[in-house]
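Only one structure is covered here, and it is reproduced in the block below.
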Amino acid sequence: MLQVGRRRMAQSSWMDNERVTFAQGNAEDLADVPDNSVDIYCISAGMHNLPHPERALREAYRVVKPGGRFACLEYGHTDTPVIGQICRWYWDTGIPFLGQVLANDRASYERLARSVRTFPHQKRFAQAIRHAGFHLPGAGYELYQWGMMVAYIGSKPRTA
């Protein structure tokens, strides 16, 4: 995924002056990243895979500069009953079936479904982000695809 991101950014003015860097590491332990050194911490569909997402949130807060941004796109839980039933069927049956048919790997896709299903509801995860120290405006998140995807965009207070 990092290679894809690098390729896509290669033609951008952001890359010309080394304002964007790509790094791979353990989100729960960013020991190689100095305190207050990152303008934007961005993670997409990764928090649900972590054993301790609250540790990753604390690390994100530690490395983001005061006034910097935290952005997270994650799977959500729809609160609409009919859509919720469809989503549960999709995650519990559809995704593992497709994993078996397309990748001959049902177990990995069952694990993915479990990790998404057990990830906190967006209201609870927004509270966890706030507890880590970030400011989130309003409800703290935006819902997409009937709540199947959730965007959290916050900031570290300038006085932190």
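The values are calculated or read from the model by the stated rules, or taken from the named source; none is laboratory data. It should be emphasised that the depicted structure is a prediction, and the values quoted were computed from it without experimental measurement. Here the Cβ positions follow ideal geometry from the backbone for every residue, glycine too, while neighbour counts run over all protein chains shown. Just so you know, the surface numbers come from the protein's heavy atoms only, side chains and all, with ligands and any DNA or RNA stripped out. Shrake-Rupley method; radii C 1.70, N 1.55, O 1.52, S 1.80 Å.
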If I compute solvent accessible area with a 1.4 Å probe over the protein chains, what percent of it on the chain is carbon and sulfur?
53 percent
Under unit Cβ charges (Lys, Arg +1; Asp, Glu -1), what dipole magnitude, rounded to 20 debye, does the chain have relative to its Cα centre?
220 debye
If every alpha-carbon in the chain counts as one equal scatterer, what log10 I(q)/I(0) does Debye give at q = 0.15, 0.16, 0.20, 0.21 1/Å?
-0.92, -1.01, -1.30, -1.34
Dipole magnitude of the range 78-160 about its Cα centre, charges +1 at Lys/Arg Cβ and -1 at Asp/Glu Cβ only, in debye to the nearest 20?
360 debye
Per residue accessible area in Å² of the range 60-160, where ligands, DNA and RNA are left out and the probe is 1.4 Å:
58 Å²
Using a ≥ b ≥ c from the Cα gyration tensor of the range 84-132 (square roots of the eigenvalues), is it rounded, prolate or oblate, where a/c under 1.5 gives rounded and otherwise the larger of a/b and b/c decides, a/b for prolate?
prolate
What share of all Cα pairs of the range 36-107, in percent, falls into each consecutive 10 Å distance bin?
17, 30, 28, 20, 5
